[in-house]
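Mind having a look at this structure? Questions to follow.
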Amino acid sequence: MLYALAKSLGSEDGFNDVKAYLTSPLVKLVIWALLSALLYHMVAGIRHLLMDSGIGETLEGGRLGSKIVIAISVVLIVLAGVWIW
């Protein structure tokens, strides 16, 4: 991704090359996979911040929190897929 950013900022031809690559279904799938991992990691990190503040530290709270993390992550991942495709 950093290579694509550097190439697109280098020249107009580089920008057009990166733009053409980003229309490929394989590249879109890779970007979606990377964004999905980032979104899940972000939501799980927020859960851990809440647990550090004393919310959801019990066994039942942990189970509920993990289900909420998965549900929110699925929604965000689907929205990211709609945005990318």
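The values are calculated or read from the model by the stated rules, or taken from the named source; none is laboratory data. In this text the structure is predicted, and so the values were computed from the model without any measurement. All Cβ positions, glycine included, derive from the backbone under ideal geometry; neighbour counts span all protein chains shown.
Somewhere in region 31-43, is a residue part of a helix (DSSP H, G or I), more than 13 Å from the chain's Cα centre (by Cα) and not acidic (Asp, Glu)?
no
If you check Val43, Val30, which single one turns out to be β-branched (Val, Ile, Thr), in contact with a Ser or Thr (Cβ under 7 Å, 6 or more places away or on another chain) and at negative phi?
Just one listed residue meets the conditions, Val43.
Within region 18-30, work out how many residues are within 15 Å of Val78 (Cβ to Cβ) and either under 8 Å from the mean Cα position of the chain (by Cα) or aliphatic (A, V, I, L, M) (or both).
1
Kindly indicate the residue of region 27-65 that is in contact (Cβ under 8 Å) with a residue 12 or more places away in the chain and farther than 28 Å from Met1 by Cα and also surrounded by the most Cβ atoms within 10 Å (Cβ to Cβ) among those meeting that condition.
Here the answer is Gly65.
If Leu50 satisfies all but one of (1) assigned to a helix (DSSP H, G or I); (2) in contact with a helix residue (DSSP H, G or I) (Cβ under 6 Å, 6 or more places away or on another chain), what's the number of the condition it fails?
In the conditions (1) assigned to a helix (DSSP H, G or I); (2) in contact with a helix residue (DSSP H, G or I) (Cβ under 6 Å, 6 or more places away or on another chain), Leu50 misses (2) alone.
Which members of region 44-74 meet the condition of being of a type in the set (A, V, I, L, M, F, W, C) and either more than 23 Å from the chain's Cα centre (by Cα) or at pLDDT below 95 (or both)?
Ile55, Leu59
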